[in-house]
Amino acid sequence: MIPEKIKQINEFTWELPKEGEMHVPVKIFATKDLLEGMDDAVFTQAVNVANLKGIQKYSYVMPDGHSGYGFPIGGVAGMDINEGVISPGGIGFDINCGMRALTTNLTYNDVKDKIKELVDLLFERIPTGVGCKGFVKLNRGEFQEIMTTGAKWVIENGYGWEKDLQNIEEYGCIQGANPDKVSDKAISRGINQIGTLGSGNHFMEIQVAKKENIFNNDIANAWNIKQPDQVTAMIHCGSRGFGHQVASDYLKKFLDVMPKYGIKILDRELSCAPFSSPEGQDYFSAMACAANMAFANRQVILHRVRECFSQVFDRSPEDMEMNLLYDVAHNIAKIEAHNVNNNPKKLVMHRKGATRAFGPHRMKGHPVFEKTGQPVIIGGSMETGSFLLAGTDKSEETFCSTAHGAGRCMSRSQAKKQVSGKDLQKKLMEKGIYIKSASFSGLAEEAGFAYKDIRSVVDVMEKAGITKKVVSLIPIGNIKG
Amino acid sequence: MSFKYIEGIALAEAAFEAEGKDLKELFEACAAAFMDTSANPTSIKSVIQKEISINAKDVESLLYNFLEELVFLKDAEAIVFNKVEVTEISETSVKATAIGDKINKEKQELRADVKAITMHMFKVEKTDAGWKAMVVMDI
């Protein structure tokens, strides 16, 4: 139920005014329908975030928002670097879960007769599902290199092209990573998981950019989406067991130190510590290690995707122009400079189920994105497709943040009651989407009807001027954990 | 010994409530819920045995750390389990044997990868009938 105190600002913006111990109001981006569809806990959680020390301007909720633990999913909070806190709950267990999109010069006609062969090969070659192990064998020293250098190390060791780096958020490496701040348990969980998808909503998908689904020709062209029915691909995954353990370790540590810093525990999943405290700094250093592992993970998967296409089409990935368009993080904390009421400030930007959306101004120096803005990759359900958006200079209003996906509107168990994985696979096959999954129940949990309408989510952010629609991509093949 | 999944706690996750007449039954019921979420236990052979030993400051931390150990073994050693037997238990210490097999998606009916045991609504309480727990897993 929508809280009584909510104020409608315009067609797609709502505010919960500051009251009690809130430092800032809550701002929600949503149509009335999307707002009504949000579960009650979203509002409580967004208010709890507004209570956190050092939060600036607003506790934001994106239109794909739904309740998580501690922070809502689709939550954005910028904390003052000196006065504010850092919270593992504001980042999520899957640190640097994110999206990666690549383009090809193939068209649907080139791929349609080989889609089964291609998806079967991808499913065989990219480890998916519960506790899957990767194919990159690393010793501890090498894994530490990945923690500190991210995608760079794996590219230097043969898993990608040098030019991939310029098309990854933060060039595939968050500064400040320190492996000494990561537990042995986290290393044991993650060392064998580079190059693996995992399960849940993670996927690798082959898509088509239909002519009628291109909203902005100039930007699509600049991003190498130039021909009708051009084939693209997308990867959605994160830091696997490594990041999950880092998050669990520090969630517990912070609960123990909160009383020392005089921080009230509103919700155990909202555990936090002052960013400038030794514990806060340690978590940021460990989180950066996990974020860098995730960039490396998606890089190795991209490499495998290129290999599989190459094998099936008997052409080199270079010849098929399998260029990385961009890689974005949607569960992360980053240090960014922003204007707060005309004062420049350094903030610890928490984005949990939210994506950075830099406009052209912030992408100065990038050969393409300084004109178009940063690509934002919005992953949809495997039935409805995904979107590529471009960040605008107006995104400064939300500390350069936008939505991340369709957002769930139905629980996993409810989805499983409505459809079986096998039936869904068959239904999608009839619609021209060939899917392989490590788990039929997992497949059913990700059915399209379990998600909000992705089109209304991206429309809200377009109307708010934060991101603009470039193209929507229709799935034709998908592998899932 | 029993557990049941609960809906409407958090949309993207899996929550369960478990009961037992004593702590042994409660911990085994919680382990059963974790195993059932990860894979169909009947599709897993009994090949590998792991000994688990956890100490904690109170019964809540004990259950939390015990379940986290199962999550850890799933990733670090790539094992899925079909049986967990608690051999010794108090409110601050537990010893258990977990039995299962190396993960193999061709041979086993795998389900969801549990990323973490969360503290969201996490609760262990004594009841008239014994013990009860509420757990939300991030998947």
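Just so you know, all these numbers are worked out from the coordinates, no wet-lab data involved. The model shown is predicted, which means the values in this text are computed figures rather than measured ones. All Cβ positions, glycine included, derive from the backbone under ideal geometry; neighbour counts span all protein chains shown.
Helix B:59-76 versus the longest principal axis of chain B: what angle, 0 to 90°, nearest 10, using Cα atoms?
The answer is roughly 10 degrees.
For A:Lys253, what is the net charge nearby, where nearby means another residue's Cβ is under 11 Å from its Cβ and Lys, Arg count +1, Asp, Glu -1?
Taking every Cβ under 11 Å from that of A:Lys253, the sum is -2.
Taking the 0 to 90 degree range and rounding to the nearest ten, how far is the long axis of helix A:454-463 tilted relative to the main principal axis of chain A, both from C-alpha atoms?
60
Quantify how strongly other chains surround peptide B:102-110 by giving the mean number of their Cβ atoms within 10 Å of each of its Cβ atoms.
5
How large is ³J(HN,Hα), in whole Hz, for each residue of the stretch A:266-273 in order, when computed from phi with the Karplus curve 6.51 cos²θ - 1.76 cosθ + 1.60 and θ = phi - 60°, using x for Gly and Pro?
Taking θ as phi minus 60°, the curve returns 7, 7, 4, 6, 9, 4, 7, 9 Hz for the stretch A:266-273.
At a Cα cut-off below 21 Å, give the lysines reachable from A:Lys163, other chains included and same-chain residues fewer than 8 away excluded.
Partners found: A:Lys152, A:Lys226, A:Lys364, A:Lys371.
Tell me the mean residue ellipticity at 222 nm calculated for chain A from its helices only (DSSP H runs of n ≥ 4, each -39500 (n - 2.57), averaged over every residue, nearest 500).
Value at 222 nm, helices only, nearest 500: -9500 deg cm²/dmol.
Rounding to the nearest 10 and keeping the result within 0 to 90°, find how far the Cα-based axis of helix A:240-257 lies from the longest principal axis of chain A.
On a 0 to 90 degree scale, this one is about 0.
What does the convex hull of the alpha-carbon atoms of the stretch B:2-138 project to on average, in nm²?
Seen from a random direction, the Cα hull of the stretch B:2-138 projects 7.7 nm² on average.
Quickly rank B:96-105, A:359-368 as a protection proxy: mean count of other C-beta atoms within 10 Å, highest first.
B:96-105, A:359-368
Ignoring solvent entirely, what values of log10 I(q)/I(0) come out of the Debye formula for the protein assembly as shown at 0.07, 0.10, 0.11 Å⁻¹ when each Cα is a single scatterer?
-0.39, -0.83, -1.02
Please identify which residues in the stretch A:14-29 have an amide N closer than 20 Å to a label point set 7 Å out from the Cα of A:Gln8, following the Cα→Cβ vector.
Output list for this probe position: A:14-18, A:26-29.
Inside 10 Å of the C-beta atoms of A:411-419, what's the mean count of C-beta atoms belonging to other chains? Walk me through the intermediate numbers first.
On the way: counts 11, 11, 6, 3, 1, 2, 1, 0, 0.
Across A:411-419, the average partner-chain Cβ count within 10 Å equals 4.
Show me, for the stretch A:323-338, the HN-Hα J-couplings you get by feeding each phi into the Karplus relation (A = 6.51, B = -1.76, C = 1.60, θ = phi - 60°), rounded to Hz, glycine and proline as x.
Ordered by residue, 3J(HN,Hα) equals 7, 6, 7, 5, 9, 10, 8, 10, 9, 6, 10, 9, 8, 9, 8, 9 Hz.
Using the Cβ atoms and a cut-off under 11 Å, what net charge is assigned to the surroundings of A:Glu11, where Lys and Arg are +1 and Asp and Glu are -1?
My count for the surroundings of A:Glu11 gives +1.
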